[in-house]
Amino acid sequence: MPASFHAAPVAQMDPITLYRILRLRTDVFVVEQQCPYPELDGRDLEPGAVMLWAIGDTPGEQGADDDGAPTATLRVLREPEGFRIGRVVASPAVRGTGVAGELMRRALELCSAQSAESSVTLDAQAPLQGWYESFGFARSGAPFLEDGIPHVPMRRD
């Protein structure tokens, strides 16, 4: 089934979809990456925060979209200097299929539509720096560890 893409502030989301997004983030960031940290940080509820997600994946793989569960997600936050993209995650079933890339393109379009002159920042896990560079991001500071995982700050003007 081809992916369908969605965007909404948390307050406008169906509670089951929101639960499934939070479950996906926890399954990957906390369980798979073995990083016990407060995944629910309160920022999803900030004014201007928007969740983006994809439903659907590669046919025949475990975790296929037979129940409407999100397979990839990210969030866009408003910050004084522009936007911040974070919590970018894809289920193992859709990694490498382009679903996360399409989600990122849509997030950048959302940011541009709201304010074409604002910058977009993110903190990339170091192994994904090249992936983010393919969307126009450039490293903007020194590498750092977050929850034991190497990260690099990145910015797109």
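Nothing in this text is a laboratory measurement; each read-out follows from the coordinates by a stated rule. Predicted, not measured: the structure shown is a model, and the values here were computed from it. Cβ coordinates were reconstructed from backbone atoms using ideal geometry, including for glycine residues, and neighbour counts include every protein chain displayed.
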- Helix 99-114 versus the longest principal axis of the chain: what angle, 0 to 90°, nearest 10, using Cα atoms? 50 degrees
- Candidates Val88, Val30, Val120; GNM for the chain (alpha-carbon contacts under 10 Å) flags as most fluctuating Val30
- Simple spin-label estimate for Ala8 and Glu133 in nanometres, 7 Å along Cα-Cβ: 3.8 nm
- Query: How much mean residue ellipticity at 222 nm does the chain get from its helices, if each DSSP H run of length 4 or more adds -39500 (n - 2.57) and you divide by all residues, to the nearest 500 deg cm²/dmol?
  - Reply: -6000 deg cm²/dmol
- Query: So how tilted is helix 15-25 from the main axis of the chain? Cα-based, degrees 0 to 90, rounded to 10.
  - Reply: 70 degrees
- Sites Ala116 and Ser140, calculated FRET efficiency, Cβ-Cβ separation with R0 25 Å, nearest 0.05: 0.80
